[in-house]
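Structure first, then comments.
The values are calculated or read from the model by the stated rules, or taken from the named source; none is laboratory data. Here the structure is a predicted model, which means the values were calculated and not measured. Cβ atoms come from the backbone with ideal geometry, glycine included; neighbour counts cover every protein chain shown.
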Amino acid sequence: MFAAALTWEKLVGIGSAVAVENAVRYTLFAGLGWLLGYVWFRQRWAKRKIVPAYPARTDVWREVRLSLTTVIFYGLVGAATVWAALQGWTQLYWKPAAHGWGWFAASIGLTILVHDTYFYWTHRLMHHPRLFRWFHRGHHLSTNPSPWAAYAFDPLEAIVQAGIFPVAVALYPIHPLAFATFMVWQLTFNIFGHAGYEFWPRWLMDSWLGKVMNTPTAHILHHQHLRGHYGLYFNWWDRLLGTNLDHYEACFREVTSPERHAPHPSH
Ligand SMILES: [Zn+2]
Ligand SMILES: [Zn+2]
């Protein structure tokens, strides 16, 4: 494909397709999370609800509204990145077997690692007092998030979050389908982290896996305290830099305790 073949109409088409694709995926995944945690299994899972109360309807609608605005910025960044790719400025490739299927699979894992690091540092930066209200305030309006908070970002944060696409294609060869697979992982993990329930088994915190993986408890604590637990998939940056909250492990053990009673929700 040549850059000359890319018209404005095509670029707008690509951006719209990226936005619609993200909106549909978000609605399906967050909707399923909502049905599971807040409708079908609300009673059965109540013992694992990290914050006893359930979010107010107005909070949930704000999360949906912000998330659906976010996908517009995903479309803009997506179209700009495809345009850059067609100029030959990136390592995006179009034939899945071009670098071998081994690399195709490895590039998905690598993107998860790169995104985890990208997320930790951009997230910490957005907590800087000078940047917070421009970038990250909208996300933190949810002190007790629901699955719909997964993409609830202000426009500037949405652009930062979408930035993993240009960063990945600038750093190493990746196929759009490998990136789309990563996006499914990313959204799924994000919804688990915002759903409000602790899904990991109790033994996690007594094993090495608890030192490596992040938990919904960690992210909900971040939403409650507005500091600490900046990581996304893994807990290693937070451990390395001492940004886990002191009561994190105790809180995880309390939420996963078999003796815990189902809280009495106020909503
Ligand atoms: Zn934050
Ligand atoms: Zn969050």
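Screening residue 260 on (1) surrounded by fewer than 19 Cβ atoms within 10 Å (Cβ to Cβ); (2) away from ligand 2 (no atom under 15 Å from the Cβ); (3) assigned to a helix (DSSP H, G or I) shows it passes everything except condition (3). Under the condition of being surrounded by fewer than 18 Cβ atoms within 10 Å (Cβ to Cβ) and away from ligand 2 (no atom under 11 Å from the Cβ), which residue from segment 142-158 is farthest from residue 59 (Cα to Cα)? Among those that are surrounded by fewer than 18 Cβ atoms within 10 Å (Cβ to Cβ) and away from ligand 2 (no atom under 11 Å from the Cβ), it is 156.
In the condition set (1) in contact with a Leu (Cβ under 9 Å, 6 or more places away or on another chain); (2) within 16 Å of ligand 1 (Cβ to nearest atom), residue 247 is compliant with all but (2). Residue check: residue 203 meets all listed conditions (1) surrounded by fewer than 22 Cβ atoms within 10 Å (Cβ to Cβ); (2) hydrophobic (A, V, I, L, M, F, W, C); (3) closer than 17 Å to residue 51 by Cα but one, namely (3).
Regarding residue 155, is this residue touching a residue at least 60 places away in the same chain (Cβ under 8 Å) and either on the phi > 0 side of the Ramachandran plot or out of contact with any His (no Cβ under 6 Å at 6 or more places or on another chain) (or both)?
yes
Criterion first (within 15 Å of the chain's Cα centre (by Cα) and either more than 16 Å from ligand 2 (Cβ to nearest atom) or of a type in the set (Phe, Trp, Tyr) (or both)) does residue 218 satisfy it? In short, no. Residue-level check: of (1) in a loop (DSSP other than H, G, I, E, B); (2) more than 16 Å from ligand 1 (Cβ to nearest atom), residue 228 misses just (2). Among the residues that make up segment 163-178, is at least one of them at pLDDT 95 or above and within 15 Å of ligand 2 (Cβ to nearest atom)? No: zero hits.
If you go through segment 1-41 and keep only what is surrounded by 15 or more Cβ atoms within 10 Å (Cβ to Cβ) and either closer than 16 Å to residue 198 by Cβ or small (Gly, Ala, Ser) (or both), you end up with 15, 19, 23, 30, 33, 36, 37, 38. The listed residues are 240, 221, and the only one of them that is surrounded by fewer than 17 Cβ atoms within 10 Å (Cβ to Cβ), within 25 Å of residue 164 (Cβ to Cβ) and modelled with pLDDT of 95 or more turns out to be 240. Answer with yes or no whether residue 78 is crowded, with 16+ Cβ neighbours inside 10 Å, touching a Phe, Trp or Tyr at 6+ places or on another chain (Cβ under 9 Å), in contact (Cβ under 8 Å) with a residue 40 or more places away in the chain and more than 21 Å from residue 160 (Cα to Cα). Here the answer is no, as residue 78 does not meet what is asked. Being among the small types (Gly, Ala, Ser), over 20 Å from the mean Cα position of the chain (by Cα) and either part of a helix (DSSP H, G or I) or crowded, with 18+ Cβ neighbours inside 10 Å (or both) is true of residue 102.
Among the residues of segment 74-83, those identified as small (Gly, Ala, Ser) and touching a helix residue (DSSP H, G or I) at 6+ places or on another chain (Cβ under 7 Å) are 75, 78, 79.
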